[in-house]
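Reviewing the structure listed below.
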Amino acid sequence: MLFKSTTIKGAWIIDLEKIGDERGFFARAWCSEEFRKQGITSNLNQANISYSSKRGTLRGMHYQIPPHSEMKAIRCIRGAFFDVVIDLRKDSETYKTWFGYELNEENKKMIVIPEGCAHGFLTLKENSEALYFVSAYFNQNSERGLRWNDPSINVKWPFEPIEISAKDKSWENYD
């Protein structure tokens, strides 16, 4: 596994280290020991799949507050999406900054989102599917979100979303 740091401390882009031949390739998709060496929480408690039929579907920006804060590791397994991480850790030197990266079925990369950061994505292709692992169980009382277009964060999305859930439309700007 190949780890590349991002502009947000604790957020990583992870590439597969492929061992291949004429049949295809083999690669580790998750290794607790490799993640631990990078200081990444490796206690995974839940795996989720997100499927979006339409290009331009926005999901986010979501996070959970303590005691149910969660680390996420997300990979696109079909289609493509622009994945965004927003640092909401008030003691962080990158507080209220964002990082975005295209995940797609061809590059097979994964993004790790640390606890205390919001996460969301915009589908770039129809029939896009994400697989993600989280370190905490979903807890409705700890669920939070912020507007995808909050002017104080100013995420530069590739284009305007066309599909957003009522819940995601209802999030307020972050203060």
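The values are calculated or read from the model by the stated rules, or taken from the named source; none is laboratory data. The shown structure was predicted, so the numbers you read here are calculated from the model rather than taken from an experiment. With ideal geometry, Cβ positions are generated from the backbone for all residues, glycine too; neighbour counts draw on all protein chains shown.
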### Query
Between a first residue in region 1-13 that is without any contact (Cβ under 8 Å) to a residue 60 or more places away in the chain and surrounded by 16 or more Cβ atoms within 10 Å (Cβ to Cβ) and a second residue that is β-branched (Val, Ile, Thr) and part of a strand (DSSP E or B), which pairs have beta carbons less than 7 Å apart while being 6 or more apart in sequence or on different chains?
Met1/Ile14
## Note on the structure
All-but-one check, Tyr63 against (1) over 17 Å from Glu105 (Cα atoms); (2) loosely packed, with under 15 Cβ neighbours inside 10 Å, failing number (2)
### Query
For region 47-58, how many residues are of a type in the set (D, E, K, R) and either touching a Leu at 6+ places or on another chain (Cβ under 8 Å) or at pLDDT below 95 (or both)?
1
### Query
Can you tell me which residues in region 14-23 are among the charged types (D, E, K, R) and in contact (Cβ under 8 Å) with a residue 24 or more places away in the chain?
Asp15
### Query
Do we have any residue at all in region 87-108 that's among the aromatic types (Phe, Trp, Tyr), over 21 Å from Leu16 (Cβ atoms) and in contact with a strand residue (DSSP E or B) (Cβ under 7 Å, 6 or more places away or on another chain)?
yes
#### Entry: Cross-chain or 6+ apart pairs with Cβ under 9 Å, region 113-124 first and farther than 16 Å from Trp12 by Cβ, then of a type in the set (S, T, N, Q) and outside any strand (DSSP E or B)
Thr123/Ser53
### Task
Answer yes or no as to whether Glu115 is under 14 Å from the mean Cα position of the chain (by Cα), in a loop (DSSP other than H, G, I, E, B) and within 21 Å of Thr41 (Cβ to Cβ).
yes
### Query
Of the residues Asp168, Asp150, which is part of a loop (DSSP other than H, G, I, E, B), modelled with pLDDT of 95 or more and either aromatic (Phe, Trp, Tyr) or surrounded by 12 or more Cβ atoms within 10 Å (Cβ to Cβ) (or both)?
Asp150
### Message
free of Cβ contacts under 8 Å to residues at least 24 places away in the same chain and of a type outside the set (Gly, Ala, Ser): which single residue out of Lys167, Lys109 fits that description?
### Response
Lys167
